[in-house]
Amino acid sequence: MPTDTSLAPLLWIGLFAAGGLILLFFLIFVVKQYKRCPSNRILVIYGRVGGQKAAKCLHGGGAFVIPLIQDYEFLSLEPLVIEIPLEGALSLNNIRVNVPSTFTVGISTDPVLMNNAAERLLMLDEHTIREQAQDIILGQLRLVIATLSIEEINKDREKFMTLVNENVAEEINKIGLELINVNIRDITDESGYIQAIGKRAAAEAINRAKVEVAQQDREGAIGEAEAFREREVRVAEENAKAEEGRKQADRSQRLALAKFEADAITGEAESQRNHEIASAERTAETMIARKNAEQSQRIETAKAESLARQGENTSNAEVAESDAKLAEVRAEAQRRSDVARAEAARAILEKEREQELARLAKEVIAPEEIRKRQVEIAAEAAAEKQRREAAGEADAILARYNAEAEGVRKVLEAKADGYRKLVEACAENPQIAPTLLLIEQMPELVREQVKAIANLRIDKITVWDGGRGESGRGSTSDFLSGLIGSLPPMHELAEQAGIELPGVLGQVRSAAVATEPKPEATDSTD
């Protein structure tokens with residue numbers, strides 16, 4: 001009994017030790033089945049995860065993996081750098097381009113994309129994932145290039161990158177990847193078109209810079225010349241004003257001794273003349289400035305068009321042309337400055353001359369100008385009278401001609417109406433109309449026949465009339481009959497015109513009838 005009592009505590013101690021070991025092993029097992037997810041990985045628990053999901057994805061935190069029912073794997077979030085050696089991609093304008101680029105992708109932490117990655121990339125090695133992504137990116141990059149022209153790819157890089165991001169990201173999202181970065185290293189083509197575009201752009205930029213430099217030089221030179229000219233003009237004006245003030249004081253003192261009427265006339269004439277001179281000078285300066293501005297504008301427009309068309313091949317010639325034109329502008333500015341200086345000196349001399357002339361205005365100039373003005377007014381009045389008389393005569397002549405033309409027109413219209421009615425009346429016998437018209441013109445024809453002998457110069461006619469001839473007529477009557485007979489008869493004129501005159505005017509007897517002997521009945525009467 002004492003022995004059995006001493007073994008009981010040992011038994012309890014063994015039981016407690018065994019239970020503690022079992023509990024320890026259980027705790028260790030539970031701790032090992034609780035999986036924690038690092039920040040650079042995604043924990044994928046597959047098996048029975050509940051619902052219709054094939055896997056449960058966690059980024060950060062942890063989860064308990066039920067033994068025998070669930071298992072787990074990790075997906076790395078480390079970026080994958082994929083080289084895309086794209087060559088010979090066909091663009092929109094059928095030019096093949098080479099677009100070597102580098103794409104950086106990685107598994108996304110978006111819940112939907114994590115599930116896509118768990119379904120399609122779980123347990124695949126990095127090389128396999130890179131190949132799948134490379135095939136997808138190559139296809140989408142070719143598709144984007146096929147929708148763009150060379151100019152759009154080369155110039156609008158933002159649009160090109162936007163289309164690449166949109167198309168590539170949409171496709172790789174289907175396998176759980178997201179696009180992190182795109183780096184297009186270079187864009188070339190087999191035909192050298194892009195390189196030619198770059199050279200053209202560089203040439204245009206160089207030409208624009210040269211044009212801007214030349215323009216700035218020209219504007220600086222013009223500004224300097226204008227400032228110098230303005231300074232010279234202002235100095236000349238101030239000197240002229242000072243001299244003019246002194247001369248004006250002397251002139252006022254002299255003119256005070258003159259009569260008030262002559263002074264008023266002289267002052268009015270001088271003021272009018274000064275006003276006209278100043279207006280003419282201002283008008284001339286305005287016209288010169290406008291012409292210079294138009295000339296500069298035409299030069300700059302022609303230069304810009306020439307630069308845009310000729311490009312790099314004519315850049316040296318354009319620079320030389322710009323230098324030549326700059327020299328011309330400088331020479332023109334120098335010439336204007338010299339002209340302004342000469343004009344200022346001339347103005348001073350003219351002022352002095354005018355002051356000297358004003359001294360004689362009282363005795364000579366004013367009376368002569370008054371008489372001159374009177375003569376001019378009288379001449380202008382006479383000229384205006386002649387112009388108005390001539391205009392009245394011209395209006396009268398024009399009115400008469402218009403009236404005559406209107407009368408002729410009405411006569412012709414009346415004749416045309418009469419001819420039309422005559423033709424309508426002779427519709428049954430068309431030959432009557434021309435016969436009547438010829439009869440109407442017969443007096444005029446006879447008048448023209450008479451004119452044939454009207455101008456015969458017969459100084460003297462001597463007639464020896466010895467009596468009557470066999471026909472019973474005298475020699476004088478035979479002479480006049482023969483003279484009248486030399487004119488064409490009316491019947492012959494009508495016959496030549498193809499018209500038969502009416503019987504009331506007689507008939508034309510043929511030569512045979514005229515020469516035949518008288519009938520025997522006449523002899524029987526004897």
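The values are calculated or read from the model by the stated rules, or taken from the named source; none is laboratory data. Just so you know, these numbers come straight off a predicted model, no measurement behind them. Note that we place each Cβ from the backbone using ideal geometry, even for glycine, and neighbour counts take in every protein chain shown.
Are any residues in the stretch 170-202 part of a helix (DSSP H, G or I) and crowded, with 16+ Cβ neighbours inside 10 Å, and if so, which ones?
Scanning the stretch 170-202 gives GLU171, ILE172, ASN173, ILE175, TYR193, ILE194.
Would it be correct to say that ALA342 is without any contact (Cβ under 8 Å) to a residue 40 or more places away in the chain and closer than 22 Å to ALA278 by Cβ? So ALA342 passes the test. Of all residues in the stretch 159-169, those being farther than 27 Å from GLU126 by Cβ and surrounded by 17 or more Cβ atoms within 10 Å (Cβ to Cβ) number 2. Filtered by the rule that a residue be in a strand (DSSP E or B) and loosely packed, with under 14 Cβ neighbours inside 10 Å, the stretch 82-95 gives GLU83, PRO85, GLU87, GLY88, LEU90.
Give the number of residues within the stretch 108-131 that are surrounded by fewer than 17 Cβ atoms within 10 Å (Cβ to Cβ) and part of a helix (DSSP H, G or I). Here the count works out to 9. Can you name the residue in the stretch 49-68 that is farther than 24 Å from LEU124 by Cβ and outside any strand (DSSP E or B) and is also modelled with the lowest pLDDT among such residues? Step by step, filter the stretch 49-68, then rank; the result is GLY51. Within the option set GLU332, GLU281, being farther than 20 Å from ARG353 by Cβ, in the same structural domain as GLU352 (by TED's automatic domain parsing) and at pLDDT 75 or above holds for one residue only, GLU332. Candidates are the residues of the stretch 377-414 that are within 52 Å of the chain's Cα centre (by Cα) and acidic (Asp, Glu); the one that is farthest from ALA269 (Cα to Cα) is GLU406. Per the conditions (1) outside the structural domain of ARG298 (by TED's automatic domain parsing); (2) assigned to a helix (DSSP H, G or I); (3) surrounded by 13 or more Cβ atoms within 10 Å (Cβ to Cβ), the sole criterion not satisfied by ILE222 is (1).
For the stretch 154-207, give me each residue that is touching a strand residue (DSSP E or B) at 6+ places or on another chain (Cβ under 7 Å) and farther than 29 Å from LEU77 by Cβ.
If the condition is that a residue be touching a strand residue (DSSP E or B) at 6+ places or on another chain (Cβ under 7 Å) and farther than 29 Å from LEU77 by Cβ, then ASP186, ILE187, THR188, ASP189, GLU190, ILE194 are the ones that fit.
Against the test of being surrounded by fewer than 17 Cβ atoms within 10 Å (Cβ to Cβ) and out of contact with any Lys or Arg (no Cβ under 7 Å at 6 or more places or on another chain), the options PRO79, PRO100 yield a single qualifying residue, PRO79. Here is a list of conditions, (1) over 30 Å from ILE184 (Cβ atoms); (2) touching a Lys or Arg at 6+ places or on another chain (Cβ under 7 Å); (3) not basic (Lys, Arg), and ASP71 meets all of them except one; can you say which number that is? Of everything listed in (1) over 30 Å from ILE184 (Cβ atoms); (2) touching a Lys or Arg at 6+ places or on another chain (Cβ under 7 Å); (3) not basic (Lys, Arg), ASP71 misses just condition (2). When the stretch 403-431 is filtered for residues that are modelled with pLDDT under 70 and either assigned to a helix (DSSP H, G or I) or on the phi > 0 side of the Ramachandran plot (or both), nothing remains. Within the stretch 280-296, can you find the residues that are of a type in the set (A, V, I, L, M, F, W, C) and surrounded by 12 or more Cβ atoms within 10 Å (Cβ to Cβ)? Scanning the stretch 280-296 gives a single hit, ILE288.
Scanning the stretch 105-143 for residues that are among the charged types (D, E, K, R), free of Cβ contacts under 8 Å to residues at least 40 places away in the same chain and over 21 Å from VAL182 (Cα atoms) returns a single hit, ASP125. Against the test of being outside the structural domain of SER39 (by TED's automatic domain parsing) and in contact with a Pro (Cβ under 9 Å, 6 or more places away or on another chain), the options ASN115, ASN165, ASN154, ASN98 yield a single qualifying residue, ASN98.
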